[in-house]
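First, the structure itself, so that you have it in front of you.
The values are calculated or read from the model by the stated rules, or taken from the named source; none is laboratory data. Remember, predicted model here, so these are calculated numbers, not experimental data. Using ideal geometry, Cβ is built from the backbone for each residue, glycine included, and neighbour counts are taken over all protein chains shown.
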Amino acid sequence: MIGTSAMEHPTINDRLYGLVQRGLTPLKGVSWWLQVTLIYVAARIVSVGILMGVAWHQGASPWGAAQPDYLSFINIWDSEWYQRIFTDGYPTTIPRNANGTAQTNAWAFYPLFPLIVKGLHALTGLGWVVLAPAVAALAGLGAALVIYKLFRLFAPHGTAMWGVAFFATFPISVILQIPYAESLSTLLLAAALYFLIKRQYWFAVPAVILLCLSRPAGVPFAAVVGLHLILRWWHRRQDPFPGREMLSGAVLLVVSAVMAFAWMLIAWAVTGEASAYTDTETAWRGSPLVLFKPWFDAGAALVGPLWGPLLPLLLVALAALYLNSRSVRKIGVDLRLWCAMYLFYLLAVLHPQTSTFRMMLPFFPLALAAAFISSSRAYRWTVLIMFTVLQLVWVAWLWQWTELPGGGDWPP
């Protein structure tokens with residue numbers, strides 16, 4: 001009798017799940033690319049709602065009056081720097097104060113994204129405020145499509161689609177529709193990794209060239225290419241490594257290594273200063289570049305000088321354990337190498353601060369690892385909901401301008 005009553009009166013969760021399933025049923029016969037598109041568009045609509053809701057509570061900021069409209073609200077922070085490049089290009093000299101210290105300037109931002117917007121502006125006559133968010137959002141869609149194809153190399157359709165859903169709703173995925181270069185660089189990184197894993201090295205070359213003109217990802221990618229080729233050579237008896245692939249792989253390695261430093265060399269050529277790029281990058285942190293040191297300084301600031309230096313070491317140990325976990329091993333050696341090399345790169349050059357969260361987007365292969373953890377519907381929907389809630393936290397905490405007591409605000 002009790003069992004019959006329970007069957008006749010389903011719970012709210014049962015009804016909600018049934019409603020979602022009926023809504024998704026028509027998608028079962030739809031092409032993969034349309035499924036990815038619908039997931040991505042739905043995620044971006046949710047993010048629009050989050051951004052508009054937070055904008056309603058935005059007070060006056062350095063970029064304008066209180067309660068800005070959607071396009072005004074997303075064209076703040078570093079979007080302003082990209083817009084300056086779109087409008088004025090790059091300075092021919094590095095601005096410095098009286099003691100010679102470099103001041104913040106456009107050379108810290110890579111050219112591909114604003115140049116694409118400028119080209120579309122020449123064709124359409126539309127301005128930055130409209131074109132830049134459109135380019136960012138479409139590049140994000142392209143990234144989602146390529147990421148699905150990348151994930152399908154390691155997972156069946158359903159799991160790969162959940163990996164894409166996790167990518168599209170990741171706590172900082174709002175950045176995919178904001179006029180930053182993150183969505184474009186993610187598209188190019190996913191394409192470069194796809195071609196590398198497929199051993200289509202010639203196709204990877206243009207992807208790497210463009211990647212290194214969009215965001216500073218060339219150093220860790222070159223390291224991955226080198227390790228990939230070493231592993232292929234090491235296993236050549238079990239897995240043949242033909243001469244033509246050795247040649248194309250070597251070309252990809254050289255191109256990756258050169259492009260890793262291309263923007264630095266371009267800044268030098270234009271300004272006549274060899275340290276133009278590094279001086280500009282460190283202008284935001286107010287101290288010279290010393291590899292790895294900022295992480296130990298941050299640890300000491302958090303928990304004191306005795307235990308603080310152990311925090312970066314603990315982070316590395318936890319990362320090593322996670323990258324060797326069962327779910328992460330399923331994403332393949334090359335994607336694990338990318339995550340490891342990118343983490344090493346961040347530890348070497350990054351000054352940890354609130355914008356570090358945004359730097360997590362290139363770890364997108366771990367979205368597939370998250371989908372591998374469990375095939376439980378409850379688990380996967382819980383992750384999706386949690387990610388969406390954390391988007392709201394990120395936007396309200398970091399994207400919204402709220403002046404600190406000492407002036408300024410934490411950057412997103």
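Go through the stretch 267-287 and give me each residue that's among the hydroxyl-bearing types (Ser, Thr, Tyr) and either loosely packed, with under 14 Cβ neighbours inside 10 Å or not in a helix (DSSP H, G or I) (or both). Explain how you work it out, then say what you get.
As a first pass, look at the stretch 267-287 and keep what is among the hydroxyl-bearing types (Ser, Thr, Tyr): 271, 275, 277-278, 280, 282, 287.
Once the filter is applied, which keeps residues that are among the hydroxyl-bearing types (Ser, Thr, Tyr) and either loosely packed, with under 14 Cβ neighbours inside 10 Å or not in a helix (DSSP H, G or I) (or both), the stretch 267-287 yields 275, 287.
Follow-up. Could you go through the stretch 385-392 and let me know if any residue there is under 19 Å from residue 50 (Cα atoms) and either hydroxyl-bearing (Ser, Thr, Tyr) or not in a helix (DSSP H, G or I) (or both). If you could, list the steps in order and put the result at the bottom.
Within the stretch 385-392, the first condition is being under 19 Å from residue 50 (Cα atoms), and the residues that meet it are 385-392.
Narrowing further to those that are either hydroxyl-bearing (Ser, Thr, Tyr) or not in a helix (DSSP H, G or I) (or both): 388.
Yes, there is a match, as at least one residue in the stretch 385-392 is under 19 Å from residue 50 (Cα atoms) and either hydroxyl-bearing (Ser, Thr, Tyr) or not in a helix (DSSP H, G or I) (or both).
Which numbered condition trips up residue 164, out of (1) in contact (Cβ under 8 Å) with a residue 24 or more places away in the chain; (2) closer than 24 Å to residue 209 by Cβ; (3) under 21 Å from the mean Cα position of the chain (by Cα); (4) in a helix (DSSP H, G or I)?
The number of the failed condition is (2).
Being loosely packed, with under 15 Cβ neighbours inside 10 Å and not in a helix (DSSP H, G or I) is the filter here; which residues of the stretch 107-149 pass it?
Passing the criteria: 125, 126, 127.
If only one of 234, 202 is surrounded by fewer than 24 Cβ atoms within 10 Å (Cβ to Cβ), touching a residue at least 24 places away in the same chain (Cβ under 8 Å), out of contact with any Lys or Arg (no Cβ under 8 Å at 6 or more places or on another chain) and over 24 Å from residue 131 (Cα atoms), which one is it?
Details: 234 fails: touching a residue at least 24 places away in the same chain (Cβ under 8 Å).
Only one candidate passes the filter, namely 202.
Starting from the stretch 290-317, take each residue that is within 14 Å of residue 346 (Cα to Cα) and list its partners that are among the hydroxyl-bearing types (Ser, Thr, Tyr), counting only C-beta distances under 9 angstrom and pairs at least six apart or across chains.
293/287; 294/287
Let me ask something additional. Which pairs do you get when a residue that is within 15 Å of residue 133 (Cα to Cα), found in the stretch 76-96, comes within reach of a residue that is at pLDDT below 95 and exposed (fewer than 15 other Cβ atoms within 10 Å of the Cβ), reach meaning Cβ atoms under 7 angstrom, with the pair 6+ apart or on two chains?
If the second residue must be at pLDDT below 95 and exposed (fewer than 15 other Cβ atoms within 10 Å of the Cβ), the pairs left are 77/411.
For the stretch 231-258, give me each residue that is over 22 Å from residue 362 (Cβ atoms) and hydrophobic (A, V, I, L, M, F, W, C).
Answer for the stretch 231-258, where residues must be over 22 Å from residue 362 (Cβ atoms) and hydrophobic (A, V, I, L, M, F, W, C): 233, 234, 241, 246, 247, 250, 251, 254.
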